[in-house]
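Here the structure is laid out as structure tokens; the discussion comes afterwards.
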Amino acid sequence: MSARRPPLLGPRTFLRLLLAALLLLVLAACGRDGPDTDRLTFQAFGTLVDLTLYPAGAHDLALIQSELSAELDTMHRSWHAWEPGPLTETNELLALGEMFSAPASVLSLIERAQEMERRSGGLFNPALGSLVAAWGFHEHEPAGPPPSADELAALLADPPRMADIELDGMHLRGRHPRLQLDFGGLAKGLAVERSLDLLSELGVEYAIVNAGGDLMTLGQRPDRLWRIGLRDPRGAGVLASIGLGAGEALFSSGDYERGYEWEGKRIHHVIDPRSGTPSQGIASATVLHIDPTLADAAATTLMIAGPEQWPAYAQQLGIDHALVVLEGGSVELTPAMQARVEFRRNVEYRLREPVADTDVEPAS
Amino acid sequence: MHGLRWGDALVVTLALALVGSAFGLVYTPAGGATELVVTQAGAAPRHFPLNEPRTIGIEGAAGVTTIRIEPGRARCLHSPGSQNICERAGWLERPGDMAVSLPNRLVLQVRGPGTDFDSMHF
């Protein structure tokens, strides 16, 4: 008669294994909501910069903050529209009408700005710095007064355009005496793009650079999409959430960003070159695109375009993903954007397909 | 060799209860806001539980931002700056709600279980 074989798993061993498994489950539950990213918040580029880095604990945060902050501040000084620096010098030389050697830091912005002016049929026009200044926005704390009707008429008679800058390699010539560059609607896009390049050079694989609310992703974290909250432009709450993959930029232009009260009326900083006055009808325009400079310029353009024409300008600029909040608070968005956002409150929205419109100034 | 005793059964029962409650706590659907997170340029984020009424002051580059905390909500009572953007945000009570004071370079955001965003677009 053969001896009885001992059981493969005794009750004691089974109990120990069970308790070990339960302990692992508890640890898994505890770890679920722990921060898996590092956050760095600092002042640079004239705004609040918020950096999200994945995974937590994998980066030299002090080095990243110091390098990125220095790079952003250099760009801010180079591109400032009214504080003395490379851009104000360029403006002075452009007004002289002679050929001159352009600062390299400004040249790339001029090229992008000329492209955006062409693609927007002139609605996006960073050559109108004098108009922005006339509304009091070349001040850190704008307070007015707005320009008089006569001043406005003079500014709008034969207005300068980006096409009035002659570009020959590294050399520039201004062909309009009142041409004044102001890259407020474009520079942050390029700054964010360069920040991502710098992070890559520093060995960062997964990050979000958020400069004053406008942001772009570097890579896609391996476990899921990046989760972004879209703040309601008319309140404190979150309007919607959106998942972003690798290399996607989200830029907005809004009437809440810079402005002042004048005789009971809110004057904001997005000036419509057609009327010379602050744009009307759209409280904020949000654009998602892989090119942050285009997203930045397009958000400004759609806001200026207004409630009727924004889908036509989106089509002309090659923007599929756009969302606008009208002054009354209602939401309009493209079908492609609708597929990406999840509203966080009850929102009545209207879908608008980006389509060509014969009333819109075509790209030149 | 001994079989399982009543004490073993007790240990297993307690362990199962611990696991159940841990998952229960963590996977509860998102409710109200439970903490205020104050993020300020150059400083580590500060966390304030939204449990009892109190008023706190945060020193910033342009002055003091005064914040009122009540159970489940918080608001910016006063902050430097001419546009009152921080104050106009009103009560922050749904997880994710936020107010910004650019002069003081700080962001106030209320959070709750399972509602954190990687970044906020505004």
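On a 0 to 90° scale, report how tilted helix A:86-96 is relative to the longest principal axis of chain A, with both axes built from alpha carbons and the result rounded to the nearest 10.
The angle comes out at about 20 degrees.
If you take the C-alpha gyration tensor of region B:35-111, multiply each eigenvalue by 5 and take the square root, what semi-axes do you get, largest first, in whole Å?
Ellipsoid half-lengths, sorted descending, are 18, 13, 11 Å.
When Cβ neighbours within 10 Å are restricted to other protein chains, what is their mean count per residue of peptide B:77-90?
2
Once both axes come from the Cα atoms, what is the angle between helix A:187-201 and the longest principal axis of chain A, in degrees from 0 to 90, rounded to 10?
The angle comes out at about 40 degrees.
Just rank B:THR55, A:THR334, A:THR47, fewest to most, by other beta-carbon atoms within 10 angstrom.
B:THR55, A:THR47, A:THR334
Ignore the peptide's own chain and count Cβ atoms of other chains within 10 Å of each Cβ in A:251-259; give me the average, rounded.
2
What area, in nm² and to one decimal, does the C-alpha convex hull of region A:225-364 cast on average over all directions?
Spelled out: convex hull of the Cα atoms, projected over all directions, averaged, 8.9 nm².
Distance between Cα centroids, region A:35-109 to region A:157-218: provide it in whole Å.
So the separation of the two Cα centres works out to 10 Å.
What number, rounded to the nearest 500 deg cm²/dmol, is the helix-based mean residue ellipticity at 222 nm of chain A, given -39500 (n - 2.57) per DSSP H run of at least four residues and division by all its residues?
-11000 deg cm²/dmol
Compute the semi-axes of the equivalent ellipsoid of region A:80-174, taking the square root of 5 times each eigenvalue of the Cα gyration tensor, and list them largest first in whole Å.
One finds semi-axes of 24, 16, 13 Å for region A:80-174.
Against the longest alpha carbon principal axis of chain A, how many degrees, from 0 to 90 and to the nearest 10, is the axis of helix A:104-119 turned?
The two axes meet at around 80 degrees.
Counting other beta carbons within 10 Å of each residue's own, what order do B:ASP97, A:ASP73 fall into, fewest first?
Taking fewest neighbouring Cβ atoms as first place, the list is A:ASP73, B:ASP97.
Which of the trypsin sites (Lys or Arg not before Pro) found in region A:184-266 are loop residues per DSSP with 13 or fewer other Cβ atoms within 10 Å of their Cβ?
Filter output for region A:184-266: A:ARG224.
Could you line up A:LEU199, A:LEU230 from fewest to most neighbouring Cβ atoms inside 10 Å?
Sorted ascending by nearby Cβ count, the order is A:LEU199, A:LEU230.
Give me Rg over Rh for chain A, both radii from the alpha carbons and Rh done the Kirkwood way, two decimal places.
Here Rg/Rh amounts to 1.13.
Taken together, the values in this text are just the output of simple stated rules run on the coordinates, not laboratory data. This one's a predicted model, so the numbers in the text were calculated from it and none came from an experiment. Neighbour counts run over all protein chains shown; Cβ positions are idealised from the backbone, glycine included.
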